[in-house]
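What follows is calculated from the coordinates using simple rules that are stated; it is not laboratory data. Values in this document were obtained by computation on a predicted structure and should not be read as measured data. Quick reminder, even Gly has a Cβ in these numbers, built from the backbone with ideal geometry, and neighbours come from all protein chains shown.
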Amino acid sequence: MLYCDHVFFRGKYDDHEGGLVIFGHSLGETDEHLVRAIRKSDAKNIAISIRSNNSPDTIKLKKADLYKKLCDGQNERPNLFFFDAQTHPLGSLNIRIQDN
């Protein structure tokens with residue numbers, strides 16, 4: 001069984017409480033199922049990775065978009081925290097797959 005199928009499509013995430021870390025997802029159009037699941041959860045604090053190789057304006061727009069997706073219309077809005085994806089070991093340039 002695929003992780004996404006098990007966790008998100010079968011509602012296993014609905015009862016999640018506490019913190020959540022999102023790493024390696026843009027939460028773009030193809031990730032709407034993740035956005036819906038996060039919004040349905042009781043996560044109070046959400047840390048989201050953002051790639052620092054974008055311009056400061058692009059980073060500001062991305063943050064604003066994520067606030068809108070995850071917080072607008074919520075009775076209890078989660079606290080969003082952003083961190084540079086490259087500061088996490090999984091974001092290390094040493095383990096990144098190189099484009100050919």
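Counting Lys +1, Arg +1, Asp -1, Glu -1, what net charge surrounds Q74 among other residues with beta carbon under 13 Å of its beta carbon?
Working: positive: R36, R39, K40, K44, K68, K69, R77; negative: D42, D72, E76.
That works out to +4.
Under 5 Å from the amide H of R51 lie the amide H atoms of A85, each residue being 5 or more positions distant or on a separate chain, with H modelled from the backbone and absent for Pro and chain starts. Taking a straight line from the alpha carbon of K40, these lysines sit under 16 Å away, with near neighbours fewer than eight places off in the same chain left out: K12, K68, K69. In plain terms, the chain from F83 to D65 could stretch by 4.9 nm, reckoned as 0.36 nm per residue minus the Cα-Cα distance.
Sorting check: for 33-43, 79-89, which peptide has the highest mean count of neighbouring beta carbons within 10 Å, and how do the rest follow? It would help to have the intermediate numbers written out before the result.
Values: 33-43: 16.2, 79-89: 13.1.
Result, highest mean first: 33-43, 79-89.
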